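**Student:** Let me begin by handing over the structure; questions about it come next.
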There are 2 protein chains.
Amino acid sequence: MLKAVAQIPSTRDRILDAAFETLRRDGFARTSARAIARTGAFNQALIFYHFGGVNDVLLASLDRVSVQRMERYREVLAGATNPNDLARLTRELYLEDVECGHATVLAELFAASSSHPGLRDEMLKRMRPWVDFTEALIQRFLDGSPLAALINAHDAAGALLAMYVGVDLLMNLDGDRSRVVEMFDMADRAAVTLAPLMGGYAT
Amino acid sequence: MLKAVAQIPSTRDRILDAAFETLRRDGFARTSARAIARTGAFNQALIFYHFGGVNDVLLASLDRVSVQRMERYREVLAGATNPNDLARLTRELYLEDVECGHATVLAELFAASSSHPGLRDEMLKRMRPWVDFTEALIQRFLDGSPLAALINAHDAAGALLAMYVGVDLLMNLDGDRSRVVEMFDMADRAAVTLAPLMGGYAT
């Protein structure tokens, strides 16, 4: 009996699923408690009971996916030992972010946080682990490379994350993802050519 | 008599000034017709009479500044003959964008356009001249350089504009501009070192 119960998604999980799905499909402006409740076929009072409010459930639904994505990024990129790997694997990870809705939901919440101070602070808090992760990754590739004198890993991480958020926002606007793939192709070609500049990690 | 009248800003200009100022100061969510009218001390009906609606006046106020900025970018960057100049001048232009409110207003409208389909199409239309300008600029530096084989000017322009929009959005979120200056310092150092790779334009 207990086993069977454990396999049914909890109410909390059902609310998180519906919130993520609604935000992804309809965008922030159309994601009301009512819209989320309609997506999940439950009473909208449950959202307030379990999460307090709409922004809270949206952030919680982002967090659930972000934690999984961070784990995946760590796992996959731990295996990258040269710039070519890095370019190839980062492209795969980015396309997974698009596929699973993480990229869209991030773009929606970043865009919305421009007008919602409470959301803004929460989104900035959520940037930090990604800045730290990206910075450590860049630093790993810089150590022992002549590029280390040129590139500050913290600033480079900020620039890359800004690009990630900007690309997400612009892709959400026009929906043309083929151009992102082309950007990665370009990064690939650059990585192959610039690999000799990367000391310890060069192929 | 006619001369004196010409020096007084037209009603249209007063409305555009007030719209830009309100959007810059208060953000998109708080920029109602009422708020714009309060900033400019005029009757809010004038906004609808002259522009049709709030989004229309906001776009028109962006356009007025964007046209000036595009002219300035063209003029200043026409004089850039090597990557070091390019890095230094682009940094100055970006700081001017921040100073005059262009960066903030762009970030606000891009963020808002994620939730407003009508605004979205208008903002995408407004990206095009900047993509074309950036692409032509990159192409000018690539011609005759060994990097031309690696870098597609159109994709690179897309990546740079995505970074511009992302940086604006993130800066608007936490207001820490010192980090953007650090990113430009890094680009400066990279330009100095990579200059020998740039064929015709190298110092």
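Read-outs: derived from the displayed coordinates by stated rules, not from any lab. Please read all numbers here as calculations on a predicted model, not as lab measurements. Note that each Cβ is placed from the backbone with ideal geometry, even for glycine, and that neighbours are counted across all protein chains shown.
**Student:** Using the Cα atoms of chain B, I'd like the radius of gyration and the largest Cα-Cα distance, Dmax, both in angstrom.
**Tutor:** Cα-based Rg and Dmax for chain B come out at 19.4, 62 Å.
**Student:** Using modelled amide H (1.01 Å from N, peptide plane; none on Pro or chain starts), what sits under 5 Å from the amide H of A:Ser115, excluding residues fewer than 5 places away?
**Tutor:** Excluding prolines and chain starts, which carry no amide H, there are no hits.
**Student:** Can you compute 3J(HN,Hα) from phi for each residue in segment A:19-25, using the Karplus curve 6.51 cos²θ - 1.76 cosθ + 1.60 with θ = phi - 60°, rounded to whole Hz and x for Gly and Pro?
**Tutor:** Each residue's phi maps through the Karplus curve to give 5, 4, 4, 5, 4, 5, 7 Hz.
**Student:** Using DSSP to define loop residues, name the chymotrypsin sites (Phe, Trp or Tyr not before Pro) in segment A:1-98 whose beta-carbon has at most 15 other beta-carbon atoms within 10 Å.
**Tutor:** Answer in residue order: A:Phe42.
**Student:** Follow-up question, since we're still on this one. If you average the sequence gap of Cα pairs under 8 Å that are 6 or more apart and divide by the length of segment B:2-193, what percent do you get for the contact order?
**Tutor:** For segment B:2-193, the relative contact order is 20 percent.
**Student:** Residue by residue through segment A:148-156, which ³J(HN,Hα) values in whole Hz follow from phi under the Karplus form 6.51 cos²θ - 1.76 cosθ + 1.60 (θ = phi - 60°), with glycine and proline marked x?
**Tutor:** 4, 6, 8, 10, 8, 4, 5, 5, 5
**Student:** If you wrap a convex hull around the Cα atoms of the protein assembly as shown, how much volume per residue is inside, in Å³?
**Tutor:** For the protein assembly as shown, the hull spanned by Cα atoms encloses 156 Å³ per residue.
**Student:** Work out from phi, with θ = phi - 60° and the Karplus expression 6.51 cos²θ - 1.76 cosθ + 1.60, the ³J(HN,Hα) of each residue of segment A:109-116, listed in order in whole Hz, and give x for Gly and Pro.
**Tutor:** Rounded to whole hertz, the list is 6, 5, 4, 5, 5, 4, 9, 10.
**Student:** How far, in nm to one decimal, is A:Arg88 from itself in the other copies if the label point is set 7 angstrom along Cα toward Cβ? Shortest first, please.
**Tutor:** Sorted ascending, the copy-to-copy spacings read 4.2 nm.
**Student:** Hey, got the dipole for segment B:17-169? About the Cα centre, +1 on K and R Cβ, -1 on D and E Cβ, debye to the nearest 20?
**Tutor:** 340
**Student:** Along Cα→Cβ, 7 Å out, is where each label goes; now give me the distance between the ones at B:Glu99 and A:Asp121 in nm to one decimal.
**Tutor:** 3.3
**Student:** Right, something else. Once the label point is set 7 Å along the Cα-to-beta-carbon vector, what list of distances in nm do you get between B:Ala29 and its counterparts in the other copies?
**Tutor:** 1.4
**Student:** Taking the label point as lying 7 angstrom from Cα along the Cα-to-Cβ axis, what are the distances from A:Val76 to the corresponding position in the remaining copies, in ascending order and in nanometres?
**Tutor:** Here A:Val76 shows inter-copy label distances of 3.8 nm.
**Student:** Suppose we consider the axis relating copy A to copy B; can you name the residue of A with the nearest Cβ and state that distance in angstrom as an integer?
**Tutor:** Axis relating chain A to chain B; nearest Cβ residue and distance: A:Gly166, 1.
**Student:** Now, a different point. Counting alpha carbon pairs within less than 8 Å and at least 6 residues apart, what relative contact order, in whole percent, applies to segment B:1-96?
**Tutor:** 22
**Student:** With point charges of +1 on the Cβ of Lys and Arg and -1 on the Cβ of Asp and Glu, referenced to the Cα centre of chain A, which listed residue (A:Ile138, A:Val165, A:Gly118) lies farthest in the positive direction of the dipole?
**Tutor:** About the Cα centre, the residue reaching furthest to the positive side is A:Gly118.
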